[in-house]
Amino acid sequence: REDREGMPMVYCTAPEQPLLAIVELQLHLKNNNDMLLSINTGRKFVLKILLFLAYASSLYCQRDTSFSSNGNIEFTTEMHDGLCVGVWKRFYLDGNILSMTSYSNNSKRSKLIEYWPNGNVRKEYEFRWDREKKDYARVGKSRMFYRTGELYVTNIYRRGYPNGISKEYHLNGKLSGVGKKSDGKKEDFWRSYDENGKRIPETKDLGKESE
């Protein structure tokens, strides 16, 4: 038993048992000390494990910032376990944002937004890792804009090139061209329009590569 302060209490039930009581008390104290020693050792071990994990994590997660010649930030990056993660940013010399690349889903599919110097969006598209080429390639819908912010071109990307229906626009928002592209080149049946929306004769730019 223990008293109110947690100290062990040993009772002798007969006068001939004092030696046995002393032995029991010594064993009780020894067991308590062993238990406290075991707890303290366990705590130290767990602390060492946590410190090691924090150190190992810092080795695999790396954030870098590069600066241009005038001292402004040029770009910021983040890597984790050899993969691009987070948002990578590039800046113009004056400090304005040039592009932002968001890496997600273990870098398998990501998005890039590029800006004009005035801050308007210049282009935006998604890309993913191409196992065959062992490089990133554009996928899905891509859009490009005029410096003043108006929509310029929309494309559908497959295998890193425009493949499918593509549309181009005038500054006033009117459609300037529509047709199909294959591996980045315009195919037959490409239609062109003037700024008033009037159909114009076919040009000789079929087969011209575009973004």
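The values are calculated or read from the model by the stated rules, or taken from the named source; none is laboratory data. All of these numbers come straight from a predicted model, not from anything done at the bench. Note that each Cβ is placed from the backbone with ideal geometry, even for glycine, and that neighbours are counted across all protein chains shown. We work out accessible area using only protein heavy atoms, side chains counted, and drop any ligands, DNA or RNA first. Shrake-Rupley method; radii C 1.70, N 1.55, O 1.52, S 1.80 Å.
If you go through region 100-150, how many residues are within 22 Å of LYS185 (Cβ to Cβ) and among the hydrophobic types (A, V, I, L, M, F, W, C)? It would help to see each step written out before you state the result.
Of the residues in region 100-150, the ones within 22 Å of LYS185 (Cβ to Cβ) are 123, 125-127, 130, 132-133, 135-144.
Now restrict to residues that are among the hydrophobic types (A, V, I, L, M, F, W, C): 127, 137, 139, 144.
Here the count works out to 4.
Among all residue pairs at least 6 apart or on different chains, which show Cβ distances below 6 Å where the first residue, located in region 110-127, is over 20 Å from GLY86 (Cβ atoms) and the second is outside any loop (DSSP other than H, G, I, E, B) and open to solvent by 60 Å² or more (accessible area, probe 1.4 Å)?
TRP116/ARG122
Can you find, within region 119-134, the residue that is most open to solvent (accessible area, probe 1.4 Å) among those that are at pLDDT below 95 and more than 17 Å from the chain's Cα centre (by Cα)?
ARG131
If you take the residues in region 93-102 that are touching an Asp or Glu at 6+ places or on another chain (Cβ under 9 Å) and open to solvent by 40 Å² or more (accessible area, probe 1.4 Å), which one is nearest to LYS134 (Cα to Cα)?
Selected residue: MET100.
In this structure, is THR148 more than 30 Å from ILE200 (Cβ to Cβ) and either touching a residue at least 60 places away in the same chain (Cβ under 8 Å) or not aromatic (Phe, Trp, Tyr) (or both)?
no
Has region 189-205 got at least one residue that is under 27 Å from ARG90 (Cβ atoms), open to solvent by 70 Å² or more (accessible area, probe 1.4 Å) and at pLDDT 90 or above? Even if it seems obvious, please write down each step before you answer.
Going through region 189-205, the residues under 27 Å from ARG90 (Cβ atoms) turn out to be none.
Scanning region 189-205, I find no residue that is under 27 Å from ARG90 (Cβ atoms), open to solvent by 70 Å² or more (accessible area, probe 1.4 Å) and at pLDDT 90 or above, so the answer is no.
Against the condition without any contact (Cβ under 8 Å) to a residue 40 or more places away in the chain and outside any strand (DSSP E or B), how does GLU132 come out, does it pass?
Numbers: without any contact (Cβ under 8 Å) to a residue 40 or more places away in the chain: yes; outside any strand (DSSP E or B): yes.
Yes; evaluated as a whole, the condition is true for this residue.
Given the criterion of a type in the set (Gly, Ala, Ser), within 27 Å of LYS167 (Cα to Cα) and in a loop (DSSP other than H, G, I, E, B), identify the matching residue among GLY140, GLY95, GLY119. Can you show your working first?
Working: GLY140 fails: in a loop (DSSP other than H, G, I, E, B); GLY95 fails: within 27 Å of LYS167 (Cα to Cα).
Checking each option against the conditions leaves just GLY119.
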